[in-house]
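The values are calculated or read from the model by the stated rules, or taken from the named source; none is laboratory data. All values derive from a computational prediction rather than experimental measurement. Virtual Cβ from ideal backbone geometry, glycine too; neighbours counted across all protein chains shown. For the accessible areas, the whole protein counts, side chains as well, though only heavy atoms, and no ligand, DNA or RNA atoms are used. Shrake-Rupley method; radii C 1.70, N 1.55, O 1.52, S 1.80 Å.
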Amino acid sequence: VLVTAVVLPFALHATNYHASDTIALDLPRGSEVTDAYLRMGDDFGIGTVYPYTFGFVVPPNSTFAALSPEFFALAQSVVSELAALPGCNGLAGFDSVFVGSGHFVPFEFVALCLNATEAAYNTSDCVGVRYAVDSFVVPTALLAFFAPPFDPVSAFGRKFYNGALDVQTRALAQYGVRLWIAGMPADSWGAILSAYYWFPIVAGATLVVVGIFVAVAFRSVVVPLKAVVTITYTLGFTFGLATFTYEHSALAWTQIPGLGSFGALQWLAPLVSFTICVGLTLDYECFLSVRVQELRLVGLSTRDAVVRGLTATGHVITTAGAIMAIAFGGLLFSSSDIINQLSFFLVVATLFDTFVVRTLLCPALFSITGEATWWPGRVPPVTATPLHPPLPLRCCDASCDRAATTESA
């Protein structure tokens, strides 16, 4: 109950973090490359470094081409919806043959600039329009660049990407226009969403496979369930504390750069650390459970086997956990934020599993399941003398006192 009370507040936030792929989390703090990247972002905007590319495809079986007033109107309607998404400053940042400098370009002006007989044909504006036609127009589609005024691969950038996906659906349903979303931000978010789509599936499959192997090894269905419970406790606490630390500045008071708030978790850190944390916790779980099973098979009760097993393996597990925490902890002082976050996951999981789960939760679960721990496997009857005999019965009424006196006589 005590361990559950400690873990629950963190576990409730274990999956409520915001994943980010911002380059600042990958670059080393204080390096020349990082400083140059940040200055370039301040001067030109991070969105200029990583722009979106939108493609507007002419509806099939339509009677007009991409370079036509009808399709200009459709493409401009779709861009209007994109420009209304959170974080956008209207049409600012959109650049194409039909939009630029914060406003839409009329098709009539484009047609005028393409007519060599017009007086404005050789003006700088018309030269620019013809360059845009060469760059953004193919027979069946129009292209447009968008440099967002925010970091497109940050946690906030994901809101825009999700909104763009909604616009993509509406564009096809309302206007018949297929909207392509491309560019580095789209590629990044596509990979992240795909990875996190499979993450719970892979996590569940991992725990199932772990349970099967443990069940076969111990010939029990209770031991693997206990292993999954202890692994879940460790993961819930670790992921929850990481969310509080890197999104809500829970440990910023330490003044350790590796524990500062980054506003989000680098998207790879939870995925990579999950399997390592499962391996660490399962290793310690099996180490203790094997010793308890050995003692139970020589005639000790499950309760006494847990006491002796914990005594016999406690110092080994504690030493191993401390060594692993020290080894992983050195990465907390790295100048790379993603390395700091990965180190945090591993250090917290190791320490929590070593000093809380293995010390308190495991013995408690063994005590709850008792001899049913080994079901449906068979274990020999208890033949060893109990380590601690049951305490004598204390009575509060006279009849019980008389019975005790008669028995002693």
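Scanning the stretch 92-110 for residues that are surrounded by fewer than 17 Cβ atoms within 10 Å (Cβ to Cβ) and closer than 21 Å to G55 by Cα returns A92, S101, G102, H103, P106. Filtered by the rule that a residue be open to solvent by less than 20 Å² (accessible area, probe 1.4 Å) and within 32 Å of the chain's Cα centre (by Cα), the stretch 46-77 gives G47, Y52, F54, G55. Scanning the stretch 78-91 for residues that are open to solvent by 20 Å² or more (accessible area, probe 1.4 Å) and not in a loop (DSSP other than H, G, I, E, B), we see that the one that is farthest from D166 (Cα to Cα) is S80. Taken over the stretch 335-356, the residue count meeting the criterion of being open to solvent by less than 30 Å² (accessible area, probe 1.4 Å) and within 24 Å of Y17 (Cα to Cα) is 14. The single residue among V127, V138, V209 that is under 30 Å from G236 (Cα atoms), surrounded by fewer than 18 Cβ atoms within 10 Å (Cβ to Cβ) and at pLDDT 90 or above turns out to be V209. The set of residues in the stretch 295-315 being open to solvent by 60 Å² or more (accessible area, probe 1.4 Å), without any contact (Cβ under 8 Å) to a residue 60 or more places away in the chain and not hydroxyl-bearing (S, T, Y) consists of H315 alone. The number of residues in the stretch 265-285 that are surrounded by 22 or more Cβ atoms within 10 Å (Cβ to Cβ) and under 18 Å from I23 (Cβ atoms) comes to 4. Residue count for the stretch 11-36, restricted to those that are outside any loop (DSSP other than H, G, I, E, B), open to solvent by 20 Å² or more (accessible area, probe 1.4 Å) and modelled with pLDDT under 85: 2. Total residues in the stretch 284-307 satisfying the condition of being over 16 Å from P363 (Cα atoms) and assigned to a helix (DSSP H, G or I): the figure is 1. Is it the case, given these coordinates, that V214 is hydrophobic (A, V, I, L, M, F, W, C) and either at pLDDT below 90 or open to solvent by 20 Å² or more (accessible area, probe 1.4 Å) (or both)? No, not satisfied.
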